[in-house]
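The values are calculated or read from the model by the stated rules, or taken from the named source; none is laboratory data. Being a predicted model, the structure only gives us computed values, none of them experimental. Using ideal geometry, Cβ is built from the backbone for each residue, glycine included, and neighbour counts are taken over all protein chains shown. What goes into the accessible areas is simple: the full protein's heavy atoms, side chains included, and nothing from ligands, DNA or RNA. Shrake-Rupley method; radii C 1.70, N 1.55, O 1.52, S 1.80 Å.
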Amino acid sequence: MSDLVVERRGTAAWITLNRPEVRNALSRDLNLRLREITIDLDERDDVRVIVVTGSGDKAFCAGADLKERRDVSPDDTGVYVNAISAAISSFGDARKPTVCAMNGSAYGGGLELALACDFRILVEGAEVGLTEVKLGIIPGGGGTQRLPRLIGEARAKELILLGRRISAARALEIGLVHQVVPRAGFAAAVAALLAELDTCAPLSVQSAKSAIQRGYGKSLDEGLDIERTSYDATLFSDDRNEGLAAFAEGRPPIYRGH
Ligand code: COA
């Protein structure tokens, strides 16, 4: 079976990292295909949300494939780092909402992949960490940039400079993940989030996401301009009319994404 499995479930496209024997580590080939697949799914009209998860119950993803890297010279390492960084950025850059269903622990690039997603649900008992400094490198998939934006500089430094592995409970406490769920309820929790997303107008979700992503870190005035442009993108949509009509008629809206 392929080391990347893509399935359609309702309006969601699921990508499963499928190398459980190496804890779903990210090889260069896998990264190149992961990027292609994610970009392709993001462009499809019938996909509303992209979910990424891992096979097995040991780990979501153990990060870069360290065995593959062992034999690569420093001069040749760049292409490997570029591949993992580009794969992760394809999630960060996606117009559609992205969900990381973290079925187990996530380290290094595995956690960086999760950080690039909009939603992170982690299974109870798992651990997460950006462990690169323990390996003589630093995070190369956006971790030094995305983690401080998410949890603040002080806590990000604590995690990154010490290469610490923290529990799911701690990850929840510091806002690194949105939810921690016992394994028995994990699938149901992801399904509930997807069902909730399904009640929202797809163009609105995309426009709101774009406003947040493009405005974050800008001045308030610049951010407000960005918000206005994003708002306007929804103004002439059929779904806006449907939202208003459904409200007036007291029924749930049926959104079609245009
Ligand atoms: N790259 C390549 N192979 C990896 C890997 C990685 N990042 N992480 C784990 N593996 C391999 C192990 O070498 C082992 O292979 P083997 O069966 O041929 O010996 C197999 O996956 C299982 O690993 P193991 O450590 O026995 O499983 P575990 O369930 O007890 O622990 C982890 C899993 C993920 C906690 C542990 O393997 C680990 O800490 N990996 C490194 C994570 C990391 O620091 N990643 C950052 C990369 S920059």
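Determine, yes or no, whether ALA169 is among the hydrophobic types (A, V, I, L, M, F, W, C), surrounded by fewer than 16 Cβ atoms within 10 Å (Cβ to Cβ) and modelled with pLDDT of 95 or more. Walk me through it before giving the result.
Numbers: among the hydrophobic types (A, V, I, L, M, F, W, C): yes; surrounded by fewer than 16 Cβ atoms within 10 Å (Cβ to Cβ): yes; modelled with pLDDT of 95 or more: yes.
For ALA169, the condition - among the hydrophobic types (A, V, I, L, M, F, W, C), surrounded by fewer than 16 Cβ atoms within 10 Å (Cβ to Cβ) and modelled with pLDDT of 95 or more - is met.
Checked against (1) surrounded by fewer than 16 Cβ atoms within 10 Å (Cβ to Cβ); (2) modelled with pLDDT under 95; (3) more than 20 Å from VAL180 (Cα to Cα), GLU21 passes all but condition (2).
Say whether the condition of being open to solvent by 10 Å² or more (accessible area, probe 1.4 Å), closer than 22 Å to ALA126 by Cα and of a type in the set (Asp, Glu) is met by at least one residue in segment 73-81. I'd like the intermediate steps shown before the answer.
Filtering segment 73-81 for residues open to solvent by 10 Å² or more (accessible area, probe 1.4 Å) gives 73-81.
This time we only want the ones that are closer than 22 Å to ALA126 by Cα, so: none.
Checked against the condition, which is being open to solvent by 10 Å² or more (accessible area, probe 1.4 Å), closer than 22 Å to ALA126 by Cα and of a type in the set (Asp, Glu), segment 73-81 yields no hits at all.
The residue pairs whose first member lies in segment 137-155 and is within 30 Å of ARG70 (Cβ to Cβ), whose second member is open to solvent by 70 Å² or more (accessible area, probe 1.4 Å) and among the aliphatic types (A, V, I, L, M), and whose beta carbons are closer than 8 Å, counting only pairs six or more residues apart or on different chains, are THR144/ILE138.
Only a single item in (1) in a loop (DSSP other than H, G, I, E, B); (2) of a type in the set (S, T, N, Q); (3) over 24 Å from ALA187 (Cβ atoms) is not met by ASN24, and it is number (3).
Hey, could you check segment 115-143 for residues that are within 13 Å of the ligand (Cβ to nearest atom) and among the hydrophobic types (A, V, I, L, M, F, W, C) and say which is most open to solvent (accessible area, probe 1.4 Å)? In this case the residue turns out to be ILE138. Of the strands (runs of 3 or more DSSP E) lying entirely inside segment 69-132, the ones with 2 or more residues being under 9 Å from the mean Cα position of the chain (by Cα) are found at 98-102, 119-123. If you check ARG155, ARG146 for being within 16 Å of the ligand (Cβ to nearest atom), more than 22 Å from ASN18 (Cα to Cα) and outside any strand (DSSP E or B), only one passes: ARG146.
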